[in-house]
Amino acid sequence: MFLLVLLSSVVIRPQRRSGDRHAQRRAHHRAIRQAQRQAQRQLQFQQRLRRLHAISTKYQRLLVITLVALATALHLSAPKGIAEPIQTQTLQSASLKLSWLPTLAQAIPPVLVAQGNQIILNGQTLPAAWSQRQQSIGISDSGLMQTVGVDLLNTTDATRQPVQWFSEPSTQPLVLESWLTSQSRYLDITQLAQQAGWQVQARGNALQINTPATRVVGVRQGRQDWGDRIVVDLDRATPWQVSEQGQEAIVTINGAIAPAMVQNFRPIPGTRLTSLNVAANGNQTVIRMGTNLRPRVWTLPNPNRLIIDIRSDSMVERDIAWAPGIRWRQQNVGVGNFVFPVVSLVVNPRQPGIALKPITSNPNAAMGTAPLLTTAQQQQAVAAINAGFFNRNNQLPLGAIRVDNRWISGPILNRGAIAWNDFGDVTAGRLSIQESLTTSTGQRLPVLLLNSGYVRAGVARYTPDWGGSYTPILNDEVIVTVQNNQVSSQQPSGVAGQRSIPIPSNGYLVVVRANGAAASALPVGTTVQVETVTSPSEFSRFPQVMGAGPLLVQNRQIVLNAEAEQFTPAFIQQAAARSAIGVLPDGNLILVSVHRRINGTGAGPTLNEIAQIMQRLGTVHALNLDGGSSTTLYLGGQLLDRSPRTAARVHNGIGVFMQPNLARIRP
């Protein structure tokens, strides 16, 4: 019995240990499953957190943008400042980081939050480009000069523009920071507005500026050996504008003048003034001066005075680093016994972001004219100069224009031309193109003109680069259509200017003028081949070409020979306003405008004088461009050399293009 009990205990005890192991195993599996479920719940929780973080980040970004606009408004409405809150219209999104939130000093990529092209100054609407960028409002430098009267001083730093406005430039320079777009340079007016007590507010397309009320406390006139001076005494600094109407210069001052002062003012006979009138116009004072000279208007402080000088040497000499690769210069250059005011732009064609191209008033056809200011702005050029000759009657080009390897207009009469590429290589010389048509019968016909408004007896060729169609220039031309190197039709033109003939996209037109033999050699079905030779041959490798003439300087030597380029004696002998382009020893291009001589008759330079001017400016090569009333030099929204009212319409020009850069310029 004892043995049975013992055996029973021996058997049963191991069974209890086996059950314990199963229980432990089950508990272990339960723990694993619980851990897995916990890990899964944690993963789901983390995923929810990431989704919530993404949503939060989105709204935080929107909050950041809102804070930018709010900070801008608060900054410009500070009590000790003078600007009212700026009502921004739109705020473009930017790439933001949350680390930006603690401080506005950590700038986001710069974005224009508002911009326009009108300034409402004390209720008067004036054209001027402006933009708002973060906490700053900028007015284009041309707009600031034209609407407020600020004068730009010399600078070698394109990021900072010193200005003079009722201040001493030597002891009290006011330096404005700048930023660039593709067509303008904007100067930050925040400091200027604060010092002058302006209230500034953006409203849609317009920037509203209200300045403190100003009184004119005196008007004085005096004759000088060099001309006439008018001094306007003011009780505080105030904006002013200058305009020209015919033989009259007008200065408008944003300051009221007492009626008694107007009545008591008695002008005296002037040295160069033919008339002088002072009048009140509400809160403005208007001074009208009879003169054919552009007045020099400038200011002095302590006490505040506006000085108007009527003198032949009124041009202010300047040397302004306007943008990377663009320098604005004004200087007096002596030639013989005469001194010529020269306005120029020095452009570095190798500067990244800078490009030069011929521009035309009508990009889609050869015919058309427009003010250079209009053409430059429409084609978004930052600077431009008028260039080649054209026929004012039919508005067709007369000389070489090659744009991106396309001959918009071919060279004529072996006249001077300048050519360049995108790498900064430039050449100049007397240019011609010799073309010929060879027929399937072996006949060889010389082509005298390619895409040209210049006409003569013989054969001319017009390609799609001329435009979509050709309008006969002379009566009774013969129009031969060539498609895929085969004559497809031949027809008489009839009366000049009466109809247009399509230029095939897969061919060209051959226009035969007063040459029956050439027309007979091109019956329908004839196969033709074109051969083209450019002289000098190096011109063929340049994608951009502009022709005008005569050639002035080559290899630093004056090579003027207007007779060889078949200019008329009247043109050769004329003293007139001149435009020119040259290549400097460092490879930079210089665009030059000269309107008059300071002494003597006041007339512009002769061809020989403009050649000497270009040589004195240091050019290696130089070319005369179209001149007279066509002479126009444009930069950043303004004409540098003349009033827009006096500028004639032109067919073409040379445009300077700049890639947009909304960040502050870095040297």
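The values are calculated or read from the model by the stated rules, or taken from the named source; none is laboratory data. Quick caveat, the model's predicted, so the values are computed rather than measured. Cβ atoms come from the backbone with ideal geometry, glycine included; neighbour counts cover every protein chain shown. Accessible surface is based on the protein model in full, side chains and every heavy atom, while ligands, DNA and RNA are left aside. Shrake-Rupley method; radii C 1.70, N 1.55, O 1.52, S 1.80 Å.
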> From the backbone phi of the stretch 320-337, what are the Karplus-calculated ³J(HN,Hα) couplings (6.51 cos²θ - 1.76 cosθ + 1.60, θ = phi - 60°) in whole Hz, Gly and Pro given as x?
Replying inline: 10, 6, 7, 6, x, x, 9, 10, 9, 10, 9, 8, 9, 10, x, 9, x, 8
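Can you list the GluC sites (Glu not before Pro) in the stretch 516-602 that are in a DSSP coil and have 11 or fewer other beta carbons within 10 angstrom?
Listed in order of number, the matching sites are 563.
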> Counting only protein heavy atoms, what percent of the accessible surface of the stretch 324-380 is carbon or sulfur at a 1.4 Å probe?
Replying inline: 46
> Label residue 517 and residue 629 with points 7 Å out from Cα along Cα→Cβ: what is the distance between them in nm?
Replying inline: 4.4
> Which chymotrypsin sites (Phe, Trp or Tyr not before Pro) does the stretch 129-236 hold that lie in a coil by DSSP with at most 15 other beta carbons within 10 Å?
Replying inline: 226
>> Give me the percent relative contact order of the stretch 402-441, please, defined on Cα pairs under 8 angstrom at least 6 residues apart.
In response: 34
>> List the residues, sorted by chain then number, that are 5 or more residues from residue 413 or on another chain and whose placed amide H is less than 5 Å from its amide H.
In response: none
>> Using amide H atoms built in the peptide plane, which far-off residues or other-chain residues are under 5 Å from residue 450 H to H?
In response: 410, 461
> Averaged per residue, what accessible area in Å² does the stretch 437-528 show with a 1.4 Å probe, protein chains only?
Replying inline: 43
>> Taking 35 Å as R0, compute the FRET efficiency from the Cβ-Cβ separation of residue 488 and residue 421 and round it to 0.05.
In response: 0.45
> On average, how much accessible surface per residue is there in the stretch 239-287, in Å², for a 1.4 Å probe, leaving out ligands, DNA and RNA?
Replying inline: 51
> Between residue 225 and residue 317, what is the spin-label point distance in nm, taking each point 7 Å from the Cα along the Cα→C-beta axis?
Replying inline: 1.9
> Using alpha carbons only, what's the Rg to Rh ratio of the stretch 404-501 with Rh from Kirkwood?
Replying inline: 1.01
>> At 1.4 Å probe radius, can you tell me the per residue accessible area of the stretch 124-205 in Å²?
In response: 33
> Tell me, what % of the accessible area of the stretch 165-209 is carbon and sulfur with a 1.4 angstrom probe?
Replying inline: 41
> When the solvent-accessible surface of protein heavy atoms is calculated with a 1.4 angstrom probe, in what order do 170, 436 fall, highest first?
Replying inline: 170, 436
> For the stretch 150-165, what does the Karplus curve 6.51 cos²θ - 1.76 cosθ + 1.60, with θ = phi - 60°, yield as ³J(HN,Hα) per residue in whole Hz, taken in order and with x for Gly and Pro?
Replying inline: 5, 9, 8, 9, 5, 7, 9, 10, 5, 7, 9, 10, x, 10, 10, 7
> If amide H atoms are built 1.01 Å from N in the plane of the peptide, which residues on other chains or at least 5 residues away come under 5 Å of the amide H of residue 275?
Replying inline: 290
> Got a sec? Which residues in the stretch 366-396 would a label at residue 406 touch, if it sits 7 Å along Cα→Cβ and we count backbone N under 15 Å?
Replying inline: 366-367
>> With a cap of 13 neighbouring Cβ atoms within 10 Å, and only residues DSSP puts in a loop, list the chymotrypsin sites (Phe, Trp or Tyr not before Pro) found in the stretch 416-522.
In response: 423
>> Spelling out what I want: for every residue of the stretch 505-510, take phi, set θ = phi - 60°, compute 6.51 cos²θ - 1.76 cosθ + 1.60 (Karplus), and round to whole Hz; glycine and proline get x.
In response: 5, 9, x, 6, 9, 9
